[in-house]
Amino acid sequence: LGMDKGMIERAHRITYKEDKVYEVPVFKREEQNELVDGAMKEEHEQKLQNIKELKKVEAVAEKQKKKPSFNIGDCVYISTMGRTGIVCETENSRGEVTVMVMKKKFKVNHKRLSLYVEGKELYPEDYDFDIVFESKENRKKDKTMNKRHVEGMTIEE
């Protein structure tokens, strides 16, 4: 590794409570020539290239695994608030997820969230999330407006 042999000997002495002399290996000229041989050198470089490509692919795959995507209805823990909330809007282009905590909606960066309980476990498949995310007045106005036109009635968010 190119470390000073005195430092390695001291570390060995401290760790194992015994003295040991480490020799710097000296390669013979013939061994060096064999390593430099053209065919072996090309094969070695090819293997190194394959290893580098594999590491890049693994890094991309690991990055994709780490980034959890939160779905509407998931219960998440917000680390900055120390509370749990329900996801009401998925992640936007800035990486912010809209989370409802105690009837208030907050935009929180996805890095500050961790999945607490999936929405699939909390709600049935055909569950209407308007019951959770919309106020009672807004749901009543929406129902009335779907039946007939009411002059001057608006739904506020």
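The values are calculated or read from the model by the stated rules, or taken from the named source; none is laboratory data. Fair warning: this is a prediction, and the values are worked out from it, not measured in the lab. A quick note on method: Cβ atoms are made from the backbone with ideal geometry, for glycine too, and the neighbour counts reach across all protein chains shown. Keep in mind that these areas ignore ligands, DNA and RNA; they rest on the heavy atoms of the full protein, side chains included. Shrake-Rupley method; radii C 1.70, N 1.55, O 1.52, S 1.80 Å.
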Condition (residue is modelled with pLDDT of 85 or more, out of contact with any Phe, Trp or Tyr (no Cβ under 6 Å at 6 or more places or on another chain), surrounded by 14 or more Cβ atoms within 10 Å (Cβ to Cβ) and assigned to a helix (DSSP H, G or I)) applied to the range 10-32: is it met by at least one residue?
yes
Residues satisfying the stated conditions in the range 108-125, i.e. modelled with pLDDT of 70 or more, open to solvent by 50 Å² or more (accessible area, probe 1.4 Å) and not polar (S, T, N, Q)
Lys111, Arg112, Leu115, Tyr116, Glu118, Glu121, Leu122, Glu125
Of residues in the range 66-94 being part of a loop (DSSP other than H, G, I, E, B) and either basic (Lys, Arg) or in contact with a Gly (Cβ under 6 Å, 6 or more places away or on another chain) (or both), the one surrounded by the fewest Cβ atoms within 10 Å (Cβ to Cβ):
Arg94
The range 95-107 residues that are surrounded by fewer than 14 Cβ atoms within 10 Å (Cβ to Cβ), paired with ones that are part of a strand (DSSP E or B) (beta carbon under 6 Å, 6 or more apart):
Gly95/Asn109; Lys107/Glu96; Lys107/Thr98
